[in-house]
Amino acid sequence: MQVKFKVRRFDPDADRPVARYDEYELEMSESNTVLDGLIRIREEMDGTLALRCSCRSAICGSCAMRINGQAGLACNTLLIHAIPKDGGPIVVEPAGNLEVQKDLIVDFAPFWSKVRAVQPWLQPEGPEPETEYIAPADDMQHLTGVMACIMCGACVSDCTVLDVDDNFLGPAALAKAYRFVRDPRDDADSSRLGALNEYGGVWDCTRCMQCVEVCPKNVDPMGRIMALRDRAMEEGYTNTTGARHAKAFSDSVEHSGWLDETKLVVKSHGVTNVKEMLKLLPVAARSFRAGKVPPLRHKSIPGAENVRRVFEKVESRDQG
Amino acid sequence: MPYAFYPGCVSRGACPELYAATLEVCRRLGIELDLTTMQSASCTGAGVLQEKNLRLGDTLNARTFAMAERAGRQILTICSTCQGVMSQANARLQDDDYRASVNEDLAEEGLSYNGTADPKHLLWVIVEEVGIDTLESMVVQRLPSLRIAPFYGCYIVRPSSDLKFEEHPEREDALERVIEAVGAQVVDFPGKTLCCGFPILTINETNSLKMVANHTMDAKGRGADAMVTPCPLCHLNLDGYQPQAAKANSPLSPIDVPILHLPQLIGLALGIPPKAMRLNSHIVSTKTMLSELALSP
Ligand code: SF4
Ligand code: SF4
Ligand code: FES
């Protein structure tokens, strides 16, 4: 079959280094991947095309890039799945949120420094055991889900928070952090969670699910971040806007069956946080003028006691 | 067969205009809504409750699904976040053992979920049940002068597996199809499936406002007169915080892109008066946009 590619090119050494798109058309087989196509382009049509790849079987994690605007591994994306419905070219661009070095190659240095920042090594306490550290099989089995991460950076490429804030640790590093927080042999949970509770940590995630959608290994970074939030709250880190928000939300649903928006905002900031409260005033005033105010008195849904009962039952399961 | 109408918290709270517009539009499109079955249904948890306790969220949603099943109805929602959270819960609840165990906690109320719910957002009901052609045929005022940027947000596009995109490929560009059906022009922009910033508004306002500014300025730069969204939370942030987002990120010029709820856009084409859909109750004024249609808010 005939396949068209449109590849974003960038050469920092050019006289005028500006990005451009080059188009290629070539005959490929139905079983070929996007990476097969790019390698053929490099080998037969344009030797200057720069890209990273190694294993060609979704193991090494080096070929993450944006294919039709979404991050993925070029080596496990079949051409037949990538050819747009309208018959247009397959658009190939470098991974996002990392600086382009040349064509499809991005600088992974910030990626690795964030992974390093979560201290991805075991920190046991107490005397060393005679033999090896023993971990229950169930725990390790659970962790294989995160350990499946191949550090490809697809999640980082498409993370909506990294798009506006370089300071965010990001999905891959936070998934890695979870791996150590959940490891039964590690004893640094509390200090790890304390650090993850800081600016740029678990609470900065918007829950946009981009990382869940694009991860080629089903690592579910967002799910891990949510689990870390829960652990942090359990560990006593409750004095953050995020933790207060989660608590206030849950309280509102538990007591009335649905959301009391006014109370939620106030409680999230902390009732004594005068500065944040004052900042809300212009928004409240604008909303009021526009006739956009939530009902002043929040009424419970009919049968709210049934919702409360569900809370009690499920929560008692956790304890029991 | 009427749908069990699940309005969600926001259309009954901070976005009453969405509620009003939905009832009008559904009446005209012949989508029957049963307003009572879901009255005692709880909040879906919006992903927030799920952070603390996934099973709790699933049990609350199983309760809602069981109520719809008991009434012999399918659920219609007008909130992308409700849709996404319900779809995710429903995917997990297809596991028979898990569902049976969740049902234990509903037994006292006499409820039990059998796994047959298929909650659908109004947007999906329009493209899948009403049909784009039918919608087009009911348009009384085409809107050719309007350039509309679609804004899906997150929950109605991801994770695509839970939302059954493979089974329903039409869900992928449903908003664009609706914009075309009402005779308006689609302004495509890459931010349409990204986050509006709402979930971190109270946590990291700077980032949240940047997201608002990026999306609205990009859409405006591409010529959009307005944006349309199926998610009231996206609306709250993109509309309600647009003035602040502009102040923080584009101090020299206001952004001023009105953010329409999906049924408001459809309603305009169906000839529903703007006032009935409370287009006058937005933070970013809809006046200029409506004047192009010779209407006023
Ligand atoms: S869910 Fe969170 S970590 Fe994942 S891509 Fe979105 S903002 Fe980033
Ligand atoms: S979490 Fe998934 S997408 Fe992110 S680096 Fe690991 S394998 Fe790649
Ligand atoms: S080449 Fe190794 S993951 Fe694609």
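The values are calculated or read from the model by the stated rules, or taken from the named source; none is laboratory data. This one's a predicted model, so the numbers in the text were calculated from it and none came from an experiment. Here the Cβ positions follow ideal geometry from the backbone for every residue, glycine too, while neighbour counts run over all protein chains shown. Protein only, heavy atoms only, side chains kept; ligands, DNA and RNA dropped before computing areas. Shrake-Rupley method; radii C 1.70, N 1.55, O 1.52, S 1.80 Å.
So if a site counts as exposed when it's one of the trypsin sites (Lys or Arg not before Pro), its DSSP state isn't H, G, I, E or B, and it has at most 12 other Cβ atoms within 10 Å, what's the longest stretch of chain A without one?
Answer - A:86-296.
Rounded to the nearest 100 Å², what is the buried accessible area between B and A, both sides summed, probe 1.4 Å?
Approximately 5300 Å² gets buried when B meets A.
List the Cys residues of chain A that have no partner Cys with a C-beta closer than 4.7 Å.
Lone cysteines by the Cβ rule: A:Cys75, A:Cys149, A:Cys152, A:Cys159, A:Cys205, A:Cys215.
Given a Förster radius of 51 Å and the C-beta distance between A:Glu315 and A:Lys6 as r, what FRET efficiency does 1/(1 + (r/R0)^6) yield to the nearest 0.05?
About 0.45, to the nearest 0.05.
Taking the Cα centre of the protein assembly as shown as the origin, how large is its charge dipole in debye, to the nearest 20, when only Lys and Arg (+1) and Asp and Glu (-1) carry charge on their Cβ atoms?
On the way: 65 positive and 81 negative charges, 454 e Å.
That gives a dipole near 2180 debye.
What does DSSP give for the protein assembly as shown in terms of the percent of beta bridges that are antiparallel, rounded to the nearest 5?
That works out to approximately 50 percent antiparallel.
What does the charge dipole of the range A:86-134 about its Cα centre add up to, to the nearest 20 debye, if the Cβ of each Lys and Arg holds +1 and the Cβ of each Asp and Glu holds -1?
Roughly 220 debye for the range A:86-134.
Roll a 1.4 angstrom probe over the protein heavy atoms and tell me the percent of accessible area of chain A that is carbon or sulfur.
Heavy-atom surface of chain A belonging to carbon and sulfur, 1.4 Å probe: 51 percent.
For A:Glu128 and A:Cys55 in the same chain, what is the full-extension length gain: residue separation times 0.36 nm, less their Cα-Cα distance, in nm? Each step should come with its number before you reach the end.
Working: separation 73, 0.36 × 73 = 26.28 nm, distance 3.79 nm.
Full extension from A:Glu128 to A:Cys55 adds 22.5 nm.
Under unit Cβ charges (Lys, Arg +1; Asp, Glu -1), what dipole magnitude, rounded to 20 debye, does chain B have relative to its Cα centre?
In debye, rounded to 20, chain B gives about 1020.
So how exposed is B:Val284, as accessible area in Å² (1.4 Å probe, rounded to 10)?
10
Identify all aspartates and glutamates with a Cα-Cα distance to B:Lys52 below 12 Å; exclude those on the same chain that are fewer than 8 residues away in sequence.
Result set, ordered by chain and number: A:Asp230, A:Glu234, A:Asp251, A:Glu315, A:Asp318.
Using a loss threshold of 30 Å², tell me which positions in the range A:197-219 are less accessible in the complex than in their chain alone. Probe radius 1.4 Å, ligands and nucleic acids ignored.
The answer is A:Trp203, A:Asp204, A:Thr206, A:Arg207, A:Cys208, A:Met209, A:Gln210, A:Glu213.
Can you work out the base-10 log of I(q)/I(0) for chain B at q = 0.09, 0.14 1/Å, using the Debye formula on its C-alpha atoms alone?
Log10 of I(q)/I(0), two decimals: -0.42, -1.01.
Gaussian network model of chain B, Cα springs within a sub-10 Å range: biggest mean-square fluctuation belongs to which of B:Ala20, B:Ala184, B:Ala71?
B:Ala71
Using a 10 Å Cβ count of at most 13 others and DSSP loop calls, identify the longest part of chain A lacking such chymotrypsin sites (Phe, Trp or Tyr not before Pro).
Numbers: sites that count: A:Trp121, A:Tyr133, A:Tyr199.
Longest gap between qualifying sites, sites excluded: A:200-320.
Restricting to chain A, what percent of DSSP beta bridges are antiparallel, rounded to 5?
Rounded to the nearest five, the antiparallel share is 85 percent.
Is there a simple number for the mean count of other chain Cβ atoms within 10 Å of the Cβ of residues in B:37-50, and what is it? Could the numbers behind the result be given before it?
Numbers: counts 0, 1, 4, 8, 6, 14, 11, 2, 4, 4, 5, 13, 7, 5.
Across the residues of B:37-50, the mean count of other-chain Cβ atoms within 10 Å is 6.
In whole percent, what relative contact order does chain B give with Cα contacts below 8 Å and a gap of six or more residues?
The normalised contact order for chain B reaches 20 percent.
Could you tell me the calculated FRET efficiency between B:Asp97 and B:Ala276, based on Cβ-Cβ distance and R0 = 41 angstrom, to the nearest 0.05?
0.25
When the Kirkwood hydrodynamic radius is evaluated over all pairs of different C-alpha atoms of the range A:2-106, what value in angstrom, to one decimal, is obtained?
With all distinct Cα pairs of the range A:2-106 included, I get 13.8 Å.
Heavy atoms only, probe 1.4 angstrom, no DNA, RNA or ligands counted: give me A:Ile83, A:Ile134, B:Ile259, A:Ile59 ranked by accessible area, highest first.
I get A:Ile134, A:Ile59, A:Ile83, B:Ile259, largest accessible area first.
What percentages make up the Cα-Cα pair-distance distribution of the protein assembly as shown when the bins are 10 Å wide from 0?
Reading the bins upward from 0: 3, 15, 25, 27, 19, 8, 2, 0, 0.
I need to check one value: relative contact order of chain A, counting alpha carbon pairs closer than 8 Å and at least 6 residues apart, in percent.
Normalised by residue count, the contact order of chain A is 13 percent.
What residue among A:Asp107, A:Asp165, A:Asp13 shows peak mean-square fluctuation when chain A is described by a Gaussian network model with Cα springs under 10 Å?
Result: A:Asp13 has the largest fluctuation of those listed.
Scan the range B:136-176 for GluC sites (Glu not before Pro) in coil per DSSP, keeping those whose Cβ has at most 15 other Cβ atoms within 10 Å, and list them by number.
Passing both the DSSP loop test and the Cβ count: B:Glu166, B:Glu167.
When the Cα centres of the range B:7-59 and the range B:78-126 are compared, how far apart do they sit, in Å?
When both Cα centres are located, 14 Å separates them.
Among all the aspartates and glutamates, which ones have a C-alpha under 20 Å from B:Lys220's C-alpha, if same-chain residues fewer than 8 places away are not counted?
Output for B:Lys220: A:Asp163, B:Glu176, B:Glu180, B:Asp188, B:Asp239, B:Asp256, B:Glu292.
Would you tally the net charge around B:Asp96, using a Cβ to Cβ cut-off of less than 15 Å, leaving B:Asp96 out, and scoring K and R as +1, D and E as -1?
Counting the neighbours of B:Asp96, the net charge comes to -2.
May I ask for the distance between the Cα centers of the range B:251-271 and the range A:36-50, given as a whole number of Å?
Here the two parts' Cα centres lie 46 Å apart.
For the protein assembly as shown, what does the accessible surface come to per residue with a 1.4 Å probe? Please give it in Å².
With all protein chains present, the protein assembly as shown gives 42 Å² per residue.
Sort out for me the Cα centre separation of the range A:58-100 from the range A:144-179, rounded to whole Å.
Cα centroid to Cα centroid, the span is 18 Å.
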